[in-house]
Amino acid sequence: MDWLRHFKTLPLDHQDAVEKRDEVFWLHGLAGSGKSSVANTIAAMVEQEGFYLSCFSCKRDDPELSDPRRLLPTLAYRIAQQHSGYRTTLVDVLSSGSVGAGIITGDLHKQFKTLFEDLVTKVESPPRAHVIVIDALDECGKPNDQRQLSRHLLSLAGLVPWIKVFITSRPEPTITDVLRPAPSCHARDINAEEYTTSDIRLYIQTKLESMAAMDEISPFNDDDINRLVDQAAGLFIWCATLFKYIANSWDKEGDLRQFLSGAAKTEPLQQLYALYDKVLDGAVHSEHRQKQTRLLRVILGLILITADNKPLSANALCVFLQSDTQYAVQNARLVRTATRSLHAVLYEDHASGGAIRVYHPSFLDFLRDRIENGVAGWVGIDQLQRLAFKSCFQTLNKELKFNICRLESSSSLNKNIQNLPDKIAAHISESLQYCSLFWFSHLEGVTLKEDDKAVKASVSGFLKSTKVLFWLEVLSLLNAVGRGIMMLRDSREFFKDYPDILSAAADLERFALSCSEAFESAPHIYQSALAWLPGTSQTLDMAKRSDSFNHLHMITNREQRWEGARWVKHVDVQVWSVAYSPNGHYIAAGLDNGTVCIWNSRTGEAVHQPLTGHRARVESVAFSPDSQLLASGSFDGSIRIWNVATGAAVMTMGGDGYDDMFMGVAFLPDGHRIASGSFGRGVRIWDINAGRVIESSWSDGVWPLAFSPDGERIVTYDNPDTNIIVFGEDIVKAVVIRNARTGEPIGNPFKGNIGSSPTFAWSPDGQWVAASAGNGHVHIWNVQSGEVITQPLKGHTSRVRCIAFSLDSTQIASSSDDGSIRLWDVMTGRELCTPLKDHGDQVWSVTFSPDGQSILSGSSDGTIRIWDVDTLATTDGPSQVHSDHFQHVAFSPDGQYFASGSQDGRVCIWSTITGTAQCEPFTVDSSYLRCIVFSPDGHSVVTVSNYSRGTVGVWDSQTGAKLIEPWLGALGLGDLSVGFCPEGRRIISWSHKTIHVWDGETGVEINALNGHSDGVNSASLFPDGGRVVSGSDDKTLRIWDINTGEMIGEPLTGHRDFISCVSVSPDGQHIASGSEDLDVRIWDAQTHGIIHVLQGHTHSITTVSFSADGQYIVSGSVDRTIRIWNVKTGKAVGIPLRGHFGGVRRHSVAFSSDGQRILSCADDGMICMWDAQIGAAIVESSSACIDEESRNKHWKVCCSRMEVADGWVKEGDKLLFWIPQRYREHFQPQLHFSIPTMLKTIKPEVDLACLYRYTGNKWTGMYKG
């Protein structure tokens, strides 16, 4: 053809030599019009003419040939086979390590850039030109994939002059919109070409002459040929199907001449469908014609409804037919015979396990037309879907079983199991694979009726039996857990009016979402994930009632309820902003490390690796109205636009530095413009096509703000000059509506004492604006009248960081520095549910999903959470013990209890055995509680509160009753704490440079010890009650006589920095001190000499304490670790205790009286109880000598062989157990339990003896059937 011949004459080394209209040739037309034939002809001509050739033929019902991610890598492979220079460069890139193996299955943009854009321009032109032929592009992937591939193929042809691209497709809008307007693309409609008719005539004439030459028919004259050409109506597929049909006929000429008498229809597809009817009619010849015709049409209906999922073999189709007595077929032979009778339209693909496929997709269109339009004699779509659904559940219930692939060990992830594909093929039948993956697609096709008891009973029974766990196991092995989550999610919506099914599906969805990491190893669905389920989980209850599992008691003190959030993602850095895509498919987050992340909102799976490019935290993310683009604004002064589907950076704007720090970005309704707000440049409007500012509202740094739904107005605070200043902050007294283009105010300001640094939101219906700030109140105004519509919404105890309206504008969600999210009714101001308090820190961002059913939040605690709104109103959270971070802890003298104090001024007494509160918390002060100590007899506690005044109080430890009227322990700011004399009648405190001695019964000061030249940080009494040692910022320790107030001996020197903590041994012979010089020192209390210098901490020491027998010291540090030391040897005992994710607080680590446990409190607001003996056992016993028989008995020693990596407890490279993310920071073999600030439940304990009993090749022992 001319296009190809013209290409042959062009020089390959001249970039301008290729005319723009010659780079791509796009042939489009109706299905069956011969496009594929032309593509095959072009390919043959290319090779005949001596060009290089690369081909890819897409096919809708073939998983590989319809996978868009396979197209570009296949082309790259074909080019590399023929172009040595490209091959060398490609191999270098792929083997360099800079490109992961995931490029083969990665996003299309990355594939194109890596495989072509970055390579082909760097290699020399080959000796021959290269032609790429893509057939049926419309059958490759989804519409958006087709759009992207069209763009990439256009770009590929324009990169170098030696590449040309030939494309065929139907004229689908996703392809047409890209290729038709492109100057470099030559588009031709095959149905409008005059030569099509002559080509069809030539094809028919050649076929007839060949048959006549073989004496199969008599010669046909020209009139006969022309009538057949008219019947074809320009469709090659009509001709091809006709001759395939005639090929097996015993009266070929008679059948052919029947077509001569028929009148040609005006519509080509009607003509084609008439031929398909003829083919079906001719497939049945027996005396049981009616019965066989009905069966054949059922088989064809099943082929139709399964084709889009996965084409099935005759064996699998037979399974579907066995489920219904009306169409009972007992063996696949009959199915195979029936489909072979349709050899003109169907074939068995032996390369795909005998899957029955259509020769041409137009036959599927024909089947859909006949079935969905209710043509007489065809089984309706609802009946077909019911048949398939019934078959799926019969197959699932019959074939699913525990350890279906007979895995020998639980020690590996699925991807590391040798020969797993072979095991799957041997043990999971084709029909079970299909039913596991696609049962919901057939349920979804059923029109559910009120009396559909069988359908509801099938689903309910399945979801409430152990079969559902075996189903999840199959999905795990098939790497399709994400699909299972989506099926469960869709089932919830499908059965939303049937509470029992809805709740079971919801519980299983939470199970799969929260434990998806464990599902990467099929055995750990049972061994780990099932064991972690909360006490009220329906799935756990089902597993217990089945009495099938031996290990469910392995977790004690388990959580009783699911976390409030349906989905939790830990990213380990602060989350500054979150957003839902308008289509609800994606969620995005901007992180403190400058990255942007995108996840599938239904499955929780990452869509891409984190998107990098920003150099500072990402303050704001926003999706375009069509959900195809994502904008991110950063503190580095840049805005980046990302392609959501590919993860590619489309454009970068701004980047001028500090003055341009973007606090927010938002797409305007047209999707082509972005609004930004920054400190230094105010509000600007950007054209994302041009990548530049097109409008600037005003230059003053104004942020935050919110746009009206039409993008024409903004709401922000009034001119800062009108605000008042309190403690150095602007207190906003009014907000104003402004013109988004000019910045000019519209109407009068809205009045309200909002507080400092406000945040704003505009309702989607445009009626309301809301604002909130430092005082924690949310204000809502009517935009038209400027009047408040309700009283301020009060509930948050700290600054509100974000507010968002639901899509229907009836609800508001607010998030705060108090770590909570609250949901409000807009009109009444009523709080709609209990506050959502699972976040452990400030909640920076909150938003609703487009359907209003979910809330998305991001927090400083490093998590993103999705909450289901329909479950929030009935969420009854356990009572709150402390409403703020723990500040201090202390053991009772008998070791049975410990006391905690928090910033909210409340004290609680806990059991050291169970970690449960022993009484209602009591408030000792309304302000900061700084220290708490038990009296020697345990009957009372002394507290220090009130940050600026140092109020000392004594309280009954059982009832919280006040025993002595609180008194001021010191005046002015200073670090102040307390301690009891052994007989309990004296209390010491310290502040600034002074140690105070008080009468413990009257609160009267007895003495004041002065001598330090800098602030005192700690003091500890000797057992005799007459001496005290103190440590100071002057780097010295001093020992005092508390009766005379005199210093005993000289100061103890040696530390190189501030001394932060001191402790005296129970026998009074030793002193321990900790310093900001990172050392712990042990001193001889008599000689004042240094005995040992203990080194190992990597940050300031905050606390030291002796065990009751004086043999050990425990130290805590800002480095978040706790260490145990042997006093006699000065050596560390065991490994550091890691579990806190904040620095250990001052004077907040202690041994229990029996030395068995260690109590700690840290800046993470967490109390942890540690098993001190495990730490000792690590060095006192050799784990290498522990054999299999004694492992359970000596499981504590085995703890030394454990490590936690990526959520897995491992022994070497073998998996032992998976731990949910929220417990990982606190899981150590030594950790007994930990208590979060907002006490909801005790952190669970793992019975390690039980764990070892069912690990490795013993894992199947957990199931007793």
Scattering from the C-alpha atoms of region 403-525 alone, worked out with Debye: what is log10 I(q)/I(0) at q = 0.11, 0.21, 0.23 1/Å?
-0.39, -1.20, -1.38
How high is the FRET efficiency between Thr41 and Tyr347 when r is their beta carbon distance and R₀ equals 22 Å, given to the nearest 0.05?
0.50
Which percent of Cα-Cα pairs in region 757-802 sits in each 10 Å bin, short to long?
30, 52, 18, 0
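Of Lys456/Lys1264; Lys390/Lys569; Lys1210/Lys1264; Lys398/Lys569; Lys415/Lys449, which sit over 32 Å apart, Cα to Cα? Mind showing how you got there, number by number?
Details: Lys456/Lys1264 29 Å; Lys390/Lys569 36 Å; Lys1210/Lys1264 25 Å; Lys398/Lys569 36 Å; Lys415/Lys449 43 Å.
From Lys456/Lys1264; Lys390/Lys569; Lys1210/Lys1264; Lys398/Lys569; Lys415/Lys449, over 32 Å: Lys390/Lys569; Lys398/Lys569; Lys415/Lys449.
Which net charge results when you count Lys and Arg as +1 and Asp and Glu as -1 among the other residues whose beta-carbon is under 15 Å from that of Ser410? If you can, show how the numbers build up before the last one.
On the way: positive: Arg406, Lys415, Lys423, Lys1210, Lys1214, Arg1253, Lys1258; negative: Glu408, Glu473, Glu517, Glu520, Glu1211, Asp1213.
Around Ser410, the surrounding residues sum to +1.
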Let me have the relative contact order for region 532-660, percent, based on Cα pairs under 8 Å that are six or more residues apart.
15
Here region 199-246 gives, from Cα atoms, an Rg and Dmax in Å of 10.1, 28
Among Ser503, Leu540, Ala522, which residue has its Cα furthest toward the positive end of the charge dipole of region 490-557, with +1 on Lys/Arg Cβ and -1 on Asp/Glu Cβ?
Leu540
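Could you list, in their original order, any pairs among Lys207/Lys252; Lys122/Lys142; Lys401/Lys423 whose Cα atoms are separated by more than 22 Å?
Details: Lys207/Lys252 12 Å; Lys122/Lys142 32 Å; Lys401/Lys423 15 Å.
Pairs exceeding 22 Å: Lys122/Lys142.
Would you mind getting me the FRET efficiency between Asn550 and Ser218? Use the beta-carbon distance for r and R0 = 56 Å, nearest 0.05. Walk me through the numbers before you get to the answer.
Numbers: r = 80 Å, r/R0 = 1.42.
FRET efficiency, Asn550 to Ser218: 0.10.
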Cβ-placed point charges (K, R +1; D, E -1), dipole of region 758-858 about Cα centre in debye, nearest 20:
220
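Can you tell me, using C-alpha contacts under 8 Å and at least 6 residues apart, the relative contact order of region 109-257 as a whole percent? Let's see the in-between values first.
Numbers: 113 pairs, mean separation 27.0, N = 149.
Relative contact order here is 18 percent.
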From the square roots a ≥ b ≥ c of the eigenvalues of the alpha-carbon gyration tensor of region 127-199, which class results: rounded (a/c under 1.5), prolate (a/b over b/c), or oblate?
oblate
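For region 1055-1152, what class follows from the C-alpha gyration tensor (a ≥ b ≥ c being the square roots of its eigenvalues): rounded when a/c is under 1.5, otherwise prolate if a/b is larger than b/c, else oblate? Walk me through the numbers on the way to the answer.
Working: a/c = 1.69, a/b = 1.35, b/c = 1.25.
Prolate, since a/c reaches 1.5 and a/b exceeds b/c.
Determine the relative contact order of region 345-456: mean sequence separation of Cα pairs under 8 Å and six or more apart, normalised by residue count, in whole percent. Please report the intermediate quantities before stating the final value.
Values: 69 pairs, mean separation 30.4, N = 112.
Answer for region 345-456 is 27 percent.
No value in this document is a laboratory result; all are computed from the given coordinates. Quick caveat, the model's predicted, so the values are computed rather than measured. All Cβ positions, glycine included, derive from the backbone under ideal geometry; neighbour counts span all protein chains shown.
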